[in-house]
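J.: The structure follows.
The values are calculated or read from the model by the stated rules, or taken from the named source; none is laboratory data. All figures in this text were calculated on a predicted structure; none of them were measured in a lab. Positions of Cβ are backbone-derived with ideal geometry, glycine not excepted, and every protein chain shown enters the neighbour counts. Just so you know, the surface numbers come from the protein's heavy atoms only, side chains and all, with ligands and any DNA or RNA stripped out. Shrake-Rupley method; radii C 1.70, N 1.55, O 1.52, S 1.80 Å.
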Amino acid sequence: MVLRMHADLEKLVNAGKIPADFAARLDKFAPGQYVLHQDWGVGKVAVWSLAKNKIKIDFEKNKGLVLGLKLAFNQITPIPEGHFLITCFDDPENCRKQAEDKDTMLDFIRMILTTNISLREGIDEVLPMQPEDLEKFLSGRIIPEESWKTWWEKARAAMRDNPTFRLPTKRGEAIALRTATSAAEALLDDYTEATTLEACVRILDQARLEVLKGEYAIAAKLIKAMEEDIHHDHTEPQHVLELIIIRDDIMEAVVTDEASRAQMDAALTAEGVDTVTTLAQKLNNITSEEIVGYIGELSTGRQQKVYDALPEAIGDSWLPYATNIFLFGGAKVTAAAADFIISRGGKEQLFNDLVNGISRQSLSPEVLIWICRERNSVAKEVVDKARMALGSAIISAIERDSAEGGPNRALRLRNLLLEDKELAPDLVSGISDQEARPFAKALYDSSVLPDLDRNLLLANMMKIHPTLQEIALTRSTAKEKQTMFVSLRSYAARKAEYEDIINVRIPKNKHDLEVTRAEGDLRENGGYQDAKATRQVLMRRSEELSRLLAKAEPTNFSGVSCEETAMGTQVTFVTDKGQEVVYTILGAWDSIPEERVIAYSSKLGAKLLGHKVGATLRLPLEIGGDQVMMTVKSITPAPKELIYPDGEIPRS
């Protein structure tokens, strides 16, 4: 069917007043056509006046709006014939009834999906729709905004139960239509079309496996496809384990008695599947060093099935295997792995390993967190044996991980130490004052804990051992002797450098080391040697900055007296020949020689201190130059621009 152009445009084209291609574009804004505006919604062109270059459109949110043709051309999108937006605009009440009626809801959604024609000019195709797209077009237009979530839950449940719909398994995927005649067939289709093992597992996790009950032929085809994936050399080993576990779940769902077992066996034989890979067989080819890298990605229930299969897979070696998982598998595995080891009779060996790890300060933050949280229950025996060393091991782990991988790796352990008000006192209860002192000293000297946190923790420990107050007093006295005053500006600069090293440069260097190490032959590997040398520089600099920041006292020099030269003052000197020279005396890190900004702790800074107006002394006109006799002419507060960081300079 060939659609004719609007009569008004035909006249203009025939008269040679406008080109035919321009008329074709303009025809999409002719009376009776549908358009879309991002703010006013869908609209229908009511009338136009080509002579006056005006067009009148009835929008959903703005009826009878008159626009210039040029403006409409630039800001309004024509809607192609057959698009679902036209249906929703012309008959919103009927669309609303269809959408809300459970008998017609899926037909309505199917209409939306099959008529989502591209709005881009020249592209005549139906575009896929994500759930977010449905909400964008239907919420507030067909479904009231306040009812959207309820409606969507009903619609999603209905689509999930209908084999002709395929719901997305992750954000960014589209809702799809398919030709499957049963839920079991739809599940098989989805699995075979998946391109990654991760997608396969996601599809099976979201499926209702009971739909395979009685569908022996389809279940056998699915298990055959899963076996093929299990045997392939994949780079997704964790998903291979999950496929084996899910396959066993499928067998449990399908095989419920001897009769169903016989039918399932026959279907598998017909597909050429004589045996299936067990979890124990797969684990027999995976070392504990390999599995610690991904077992934490499995759910707790699936982790448990892995643990249960270990004795069959590796015999008496299951205990060191499981212990390695517990020690190095990360936060998501410690509790489940410990429960398994203890339930299988490996408690004594595990606890001996933990006590030794505490004494060597080699345990990971995740393991220490587990010990602390279980200190009054499962891990009480470990804490009782190693209480004297446990606190120091915790501080060591926080500081070690702060240096090696940035502060976030041990953040949970540090937060536990600070938030569990009973933890620090528990770690020093039942031991002598002398035995508690190493932990208290390590805590108070730690550079990764703020002063306030250290003081609060020590105060809690002093409830058990009041004599620990001596540590705070002696450390405070030593700190006062070592304190150096610095401006807010220079302190912020050094702190930023420290945080950049800890949070950015050290993690990047660690990654560089791992990448270059993988290239092999470390002795001849220039990239590895460079990264290793860089690491040493970064570690030394981070340790130096940590010590300096701990000793520094940032100040804005407020309230400084200008009666005599001091930190935070700007001093104007005058020579015998009347030449004026200005020196600014600031903190220990504030040295800009070319601008005569001098640190109070320097040799020249010490010489500048303690003089009143009228005092005379020998100073260089230029830093490093010859000295001449000068007289103090005036003393004023130092400029704020030299004291405060950029963007933080107070107005008054």
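J.: Go through region 593-616 and count every residue that is over 15 Å from SER634 (Cβ atoms), without any contact (Cβ under 8 Å) to a residue 24 or more places away in the chain, hydrophobic (A, V, I, L, M, F, W, C) and surrounded by 14 or more Cβ atoms within 10 Å (Cβ to Cβ).
T.: 3
J.: Inspect region 561-582 for any residue being closer than 24 Å to VAL486 by Cβ and among the aromatic types (Phe, Trp, Tyr) and give the result as yes or no.
T.: no
J.: So which residues in region 462-473 are assigned to a loop (DSSP other than H, G, I, E, B) and open to solvent by 70 Å² or more (accessible area, probe 1.4 Å), if there are any at all?
T.: LYS463, ILE464
Results for (1) open to solvent by less than 50 Å² (accessible area, probe 1.4 Å); (2) touching a helix residue (DSSP H, G or I) at 6+ places or on another chain (Cβ under 9 Å); (3) in a helix (DSSP H, G or I), shown as yes or no for each residue.
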| residue | (1), (2), (3) |
| --- | --- |
| LEU427 | yes, yes, yes |
| GLY430 | no, yes, no |
| ALA436 | yes, yes, yes |
| LYS441 | no, yes, yes |
| ASN455 | no, yes, yes |
| ASN460 | yes, yes, yes |
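J.: Let me ask something else. Within region 183-298, considering only helices (runs of 4 or more DSSP H) that don't extend past its boundaries, which have at least 3 residues that are within 37 Å of the chain's Cα centre (by Cα), in contact (Cβ under 8 Å) with a residue 40 or more places away in the chain and under 30 Å from TYR321 (Cα atoms)?
T.: 197-206, 216-231, 237-254
J.: Now a separate question. Scan region 88-105 for residues that are open to solvent by 30 Å² or more (accessible area, probe 1.4 Å) and either of a type in the set (D, E, K, R) or closer than 21 Å to ALA176 by Cα (or both) and jot them down.
T.: ASP90, ASP91, GLU93, ARG96, LYS97, GLN98, GLU100, ASP101, LYS102, ASP103, THR104
J.: Right, here's the next one. If only one of PHE73, PHE108, PHE59 is in contact (Cβ under 8 Å) with a residue 40 or more places away in the chain and surrounded by 13 or more Cβ atoms within 10 Å (Cβ to Cβ), which one is it?
T.: PHE73
J.: Something else about it: How many residues, within region 474-514, are modelled with pLDDT of 75 or more and either out of contact with any Pro (no Cβ under 9 Å at 6 or more places or on another chain) or in a helix (DSSP H, G or I) (or both)?
T.: Number satisfying all stated conditions: 28.
J.: Also, quick follow-up: The conditions are (1) within 23 Å of ILE175 (Cβ to Cβ); (2) without any contact (Cβ under 8 Å) to a residue 12 or more places away in the chain, and SER49 fails exactly one of them. Which is it?
T.: Going through the list (1) within 23 Å of ILE175 (Cβ to Cβ); (2) without any contact (Cβ under 8 Å) to a residue 12 or more places away in the chain, SER49 breaks only (1).
J.: Now for a different question. Considering only region 375-393, I want to know if a residue exists there that is more than 25 Å from HIS465 (Cα to Cα) and within 33 Å of the chain's Cα centre (by Cα).
T.: The answer is yes; a qualifying residue exists.
J.: Let me ask another. Here's a check for you: in region 299-314, which residue that is in a helix (DSSP H, G or I) and among the polar types (S, T, N, Q) is least open to solvent (accessible area, probe 1.4 Å)?
T.: GLN303
J.: List pairs: first in region 84-104 and within 21 Å of PRO128 (Cα to Cα), second of a type in the set (Gly, Ala, Ser) and assigned to a helix (DSSP H, G or I), Cβ under 9 Å, 6+ apart or cross-chain?
T.: ALA99/ALA155
J.: Say whether the condition of being assigned to a loop (DSSP other than H, G, I, E, B) and surrounded by fewer than 17 Cβ atoms within 10 Å (Cβ to Cβ) is met by at least one residue in region 544-555.
T.: No; the residues of region 544-555 include none that is assigned to a loop (DSSP other than H, G, I, E, B) and surrounded by fewer than 17 Cβ atoms within 10 Å (Cβ to Cβ).
J.: So, one more: Between a first residue in region 635-652 that is farther than 28 Å from HIS611 by Cα and without any contact (Cβ under 8 Å) to a residue 40 or more places away in the chain and a second residue that is part of a helix (DSSP H, G or I) and open to solvent by less than 40 Å² (accessible area, probe 1.4 Å), which pairs have beta carbons less than 6 Å apart while being 6 or more apart in sequence or on different chains?
T.: Taking only residues 6 or more apart or on different chains, not a single pair turns up.
J.: For region 344-367, what are the residues that are over 20 Å from ARG437 (Cα atoms) and of a type in the set (A, V, I, L, M, F, W, C)?
T.: Once the filter is applied, which keeps residues that are over 20 Å from ARG437 (Cα atoms) and of a type in the set (A, V, I, L, M, F, W, C), region 344-367 yields LEU350, PHE351, LEU354, LEU363, VAL367.
J.: Further question on the same structure: Which one of these does TRP48 not meet: (1) buried (at least 19 other Cβ atoms within 10 Å of the Cβ); (2) at pLDDT 90 or above; (3) aromatic (Phe, Trp, Tyr)?
T.: If we test TRP48 against (1) buried (at least 19 other Cβ atoms within 10 Å of the Cβ); (2) at pLDDT 90 or above; (3) aromatic (Phe, Trp, Tyr), just (2) comes out false.
J.: Could you say which residue among ILE230, ILE245 is more than 22 Å from PRO163 (Cβ to Cβ) and at pLDDT 95 or above?
T.: ILE245
J.: Which of the following residues is in contact with a strand residue (DSSP E or B) (Cβ under 7 Å, 6 or more places away or on another chain) and open to solvent by 20 Å² or more (accessible area, probe 1.4 Å): ARG178, ARG171, ARG160, ARG156?
T.: Going through ARG178, ARG171, ARG160, ARG156 in turn, just one is in contact with a strand residue (DSSP E or B) (Cβ under 7 Å, 6 or more places away or on another chain) and open to solvent by 20 Å² or more (accessible area, probe 1.4 Å): ARG178.
J.: Being surrounded by 16 or more Cβ atoms within 10 Å (Cβ to Cβ) and within 27 Å of LEU642 (Cα to Cα) is true for just one of LEU586, LEU538. Which residue is that?
T.: Answer to the check: LEU586.
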